[in-house]
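The values are calculated or read from the model by the stated rules, or taken from the named source; none is laboratory data. These figures come from a predicted structure and were not determined experimentally. Here the Cβ is made from the backbone with ideal geometry for all residues, glycine too, and neighbour counts use every protein chain on show.
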Amino acid sequence: MTRYIIRRILQAIPLLFLISVVLFVLMQNMGDPLATMGGRTMTRKADRERLTRQLGLDQPIYMQYIYWLVGNDWTKVDLNGDGIANTPGRRLGILRGDFGTSLVNRGQPALQVIWDRLPNTLLLMISAEFIIIVFSILIGIYSALRQYSLTDHVITAVSFIGYSMPIFFIALVTMYIFSVNFKRWGLPYLPTVGMFDPQVGKTPLQVLWHMILPVFSIAFISLAGYSRYIRGTMLEVMGQDYIRTAKSKGIPHRDVIFIHALKNASLPIVTIVGLDLPLLLGGAVVTERIFAWPGMGRLFLDHLSRVDTPVIMGILMLISVAVVVFQLITDITYAWLDPRIRYE
Amino acid sequence: MSKKNWLFSIVLLLALILAACAPAASPQTQAPEATQPPAVEQPTEAIQPTEAMQPTEPPPAAQPSETPAQAEHKVATFIWTQEFDSLNPYYTNMWFSGVTQQIWDSWAWDFDEENNPIPVLVKEIPSTDNGGISADGTVITLHLRDDIKWSDGEPLTSADFKFTYDMVLNPANAVTSVTPYDLLASLETPDDRTVVMTFKEPYAPWLGTLWHGLLPQHVLQPVFDSDGTIDNAEWNRKPTVSAGPYVFAEWESGSYTRFVANENYWGPKPKIDEIFFRFVPDDASQVAALKTGDGDLGTFISYADIPTVKDAGVQIFTVFSGYNEGWYMYLDPEKGHPALQDINVRKALAMAFNRQKINDDLLLGLTKPAVTYWDNTPYADPSLTAYPFDPEQAKKLLDDAGWVDSNGDGVRDKDGVDLELTYGTTTREIRQDTQAVAQQQLADVGVKLDLSNYDSDIFFSGYAEGGPAATGQLDIMEWSDTTQFPDPEVAYWLCSEIPSADSPSGTNWQAICDPELDQLFQQEAKQVDFAARQQTFYKISKMIYDKVYWLGLWQDPDIWAVGSRLQNVKLSGATPFFNIAEWDLK
């Protein structure tokens, strides 16, 4: 197993390198970071020339990639535009932990920009993912055990409604009902945006209060798909011979379901959870935007729209690494769940 | 049932723990985004700037704070759809950052709700009458107030002006713009209350462009000395020392920024204790927050939301800041479409396109067509009126110009070339709708439009990046822009701004080089005398109108939504929060 893990990690290195080249090249075609710089007016001619030079955007793409990868402290750059490169470079490159400096938040390290947002995203996404997994397992098992009952039909119907609804719709509808209209009707209402009320301050209760709507929106959509999936695999497993054997041996019903059936039914579930988990880092782009949640999804969109290569590359590489790691963890979990699986 | 309750408790508990683990109000920095001119639409009762910019009275000196009684802590929440990228005024081009300057930093002078200058750090606005401007217009002298100081109590002196000037021009600092400081021959500080600026040649737009924020030398000089640059200075993200009515308290990335009342403010004490900027990127969420009172102030709300926002008791302020939406036409004599070279064809386009209808239907009648690039300023020739919608006259003009439909395909042609024009803009909805209307109306007079839309950062990409507008791939381009507002200066029609391989950064993407017009722009830029400059701009606006070098679609003012709690609100187009210290909460 150790050998397998080491081999997988070694395989990941060229893969990540390739991903970084492809992403870097794609980023160069995303537009011009100096076009308006977030303003309402176009950048003036002289300023555009100067900034292109100062920010190193005048270099050919392969040099920009090399600087991004290994830094430029081994060479000199031209800052004042006299054509002579006489200022020593300051960048260390991503291989030495320097993700570069954000082009949007000028002067701030890209890693810091990302780091500031990561806890908020994880708070939102892990809470939602936790609710999704727990409730989808409960709902899925319940529906599988009571197949074609009235409750199963109701759950099926609600699942399809949830599954077919775009997230922005559910987010805005819940906001309008539970915030805007509840306030108008004089009921206790949920907050619309942000993580806390500035009049009260950022207390855990405030954050929890502000999390209700976004977590509900994310969970409602995904819950539907997950629970259908679990219902399907549980139905399949419940029809197997070993379940009948377990039942006939007189094992308590609960143990049959949670130990014998669920463990065997969870292999495909682990696969989808394993694929979903690394993407949690990316945040929920739409939900974060609507509820003004300061997470990674918004960061990504905001900085992509201004072609902030260091920050965007940082986020993408972080997610790439996470995907590789979680795939490895998924594979290891397989072996644990199903002793027949061996990696040699 | 009991199991479910148990599970719910676990979930709740976990969520609580996670929330508690979140970094509690740790002031962090950084900001995202922006791209293109933010959505601005309709005016209701546009505030009109008055004639010449009349300096008004300076603000009274510091008064003893009135009621020290510990009243309730008043927090006003401003909803901002874009987060600041930097708070250093010289490191940002974002409107959303720049307009906060009057809240926490000080300019040498602000502009009131009629866009007249008000002295802030200076005793009076320099003029030729008070000797602040030399007879030849090249030397401008500022006399600073005696009582101004930074929020940490340090005096604000001419050395801070000199330091700001030095930092902007130092090549080690990647500031957003060096203009107009690069036009100075020298900046001298004979004493700590006097700043003498000598321009290489008379520079008329100085009032609209100089001293948009000051850098505190005593904070940033040590940073510069140790790092060799102020690019990475902490002050850029946490300007804890400033000279405005409020001072920076904290900034949490993606979430909020707080400014609290400046205890050491030298002017009248602000009435609201804290200004809380909350970053809400979604327009619909902004409207919901304004309706529930989660926000006291919002900007750029869509015209479609105005009625419902008003129903919730929110006031709408329409403030003109020089923006006009318009058509820019690519007129390069070789690469441009031959039809557009003809003034009469351009006039025909103006008459065939019912721009009033766009304003009435798409913009709900809240705007009107822009006649000149300088509408609502003292610089537009007042005798001009918008070209009327007259398709018959348009057809006649096209016929007379030789563009007729000779092959019966519904599109006019001449010498084997079809009158088929490419018309591109960004993906903003109102622009796409405008394109569709234009396509239909121009088809009625035999002009075919091929529409295209781009993400704004692609659309506004420069010549070197192959931007579709910059490289002449489009015959008609549409966007909204202003001048050095409230100054009328704009570079779009200068011959020297035409982009090329040698000069890829030029902004004259229309490739218009009219020597007469160019000469007028050169002339006005040096006319320090208001009346003379105004006359030159009358000529400029008339020439652009007569030759249809630009076709205005609609006036594009700033829309502010002001919640019912806010009192004493005045807003200016140039410096919106000029009287923020007087604002109060009910």
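Tell me, which strands (runs of 3 or more DSSP E) wholly within the range B:225-309 include 2 or more residues that are surrounded by fewer than 24 Cβ atoms within 10 Å (Cβ to Cβ) and in contact (Cβ under 8 Å) with a residue 12 or more places away in the chain?
B:246-252, B:256-261, B:274-279
Quick grid of which residues meet (1) more than 14 Å from every other protein chain (Cβ to nearest Cβ); (2) crowded, with 18+ Cβ neighbours inside 10 Å; (3) under 24 Å from B:Asp360 (Cα atoms); (4) modelled with pLDDT of 90 or more:
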residue: B:Arg412; (1), (2), (3), (4): yes, yes, no, yes
residue: B:Leu419; (1), (2), (3), (4): yes, yes, no, yes
residue: B:Thr427; (1), (2), (3), (4): no, no, yes, no
residue: B:Ala438; (1), (2), (3), (4): yes, yes, yes, yes
residue: B:Val447; (1), (2), (3), (4): yes, yes, yes, yes
residue: B:Phe460; (1), (2), (3), (4): no, yes, no, no
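All but one of (1) among the small types (Gly, Ala, Ser); (2) in contact with a helix residue (DSSP H, G or I) (Cβ under 9 Å, 6 or more places away or on another chain); (3) outside the structural domain of B:Leu585 (by TED's automatic domain parsing) hold for B:Gly137, so report the exception by its number.
In the conditions (1) among the small types (Gly, Ala, Ser); (2) in contact with a helix residue (DSSP H, G or I) (Cβ under 9 Å, 6 or more places away or on another chain); (3) outside the structural domain of B:Leu585 (by TED's automatic domain parsing), B:Gly137 misses (2) alone.
Is one or more of the residues making up the range A:211-227 of a type in the set (S, T, N, Q) and surrounded by fewer than 19 Cβ atoms within 10 Å (Cβ to Cβ)?
The answer is no; no qualifying residue exists.
Closer than 16 Å to A:Ala224 by Cβ and of a type outside the set (Phe, Trp, Tyr): which single residue out of A:Ser143, A:Ser102 fits that description?
Testing whether each residue is closer than 16 Å to A:Ala224 by Cβ and of a type outside the set (Phe, Trp, Tyr) leaves just A:Ser143.
Provide a single number: the residues in the range B:485-497 that are within 18 Å of B:Trp550 (Cα to Cα), in a loop (DSSP other than H, G, I, E, B) and facing chain A (nearest Cβ under 10 Å).
4
Scan B:Leu474, B:Leu520, B:Leu442, B:Leu451 and give me the residue that is in contact with a strand residue (DSSP E or B) (Cβ under 9 Å, 6 or more places away or on another chain) and assigned to a helix (DSSP H, G or I).
None of the other options fit; the residue is B:Leu442.
For the range B:241-249, indicate whether the set of residues that are in contact with a Gly (Cβ under 7 Å, 6 or more places away or on another chain) and away from chain A (no Cβ under 14 Å) is non-empty.
yes
For A:Leu304, which of the numbered conditions (1) under 21 Å from A:Gly97 (Cβ atoms); (2) of a type outside the set (Phe, Trp, Tyr); (3) modelled with pLDDT of 85 or more; (4) buried (at least 16 other Cβ atoms within 10 Å of the Cβ) fails to hold?
It fails just one condition, (1).
For residues that are more than 7 Å from chain B (Cβ to nearest Cβ) and not in a helix (DSSP H, G or I), scanning just the range A:44-66, find the one that is surrounded by the most Cβ atoms within 10 Å (Cβ to Cβ).
Per the criteria, the residue is A:Gly56.
Note down all Cβ pairs under 8 Å where the first residue falls in the range B:497-513 and is in contact (Cβ under 8 Å) with a residue 12 or more places away in the chain, the second is basic (Lys, Arg) and assigned to a loop (DSSP other than H, G, I, E, B), and they're at least six residues apart or on different chains.
B:Ser505/A:Arg44; B:Thr507/A:Arg44; B:Ala511/B:Lys335
On the basis of being under 14 Å from B:Phe277 (Cβ atoms) and touching a residue at least 60 places away in the same chain (Cβ under 8 Å), does B:Val120 make the cut?
In short, no.
For the range A:307-326, what are the residues that are crowded, with 16+ Cβ neighbours inside 10 Å and away from chain B (no Cβ under 14 Å)?
A:Met313, A:Leu316, A:Met317, A:Leu318, A:Ile319, A:Ser320, A:Ala322, A:Val323, A:Val324, A:Phe326
Okay, residues lined up against (1) touching a residue at least 24 places away in the same chain (Cβ under 8 Å); (2) within 30 Å of A:Ile212 (Cα to Cα); (3) not in a loop (DSSP other than H, G, I, E, B):
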| residue | (1), (2), (3) |
| --- | --- |
| A:Arg289 | no, yes, yes |
| A:Trp293 | yes, yes, no |
| A:Leu301 | no, yes, yes |
| A:Gly314 | yes, yes, yes |
| A:Ser320 | yes, yes, yes |
| A:Gln327 | yes, no, yes |
| A:Trp336 | no, no, yes |
| A:Pro339 | no, no, no |
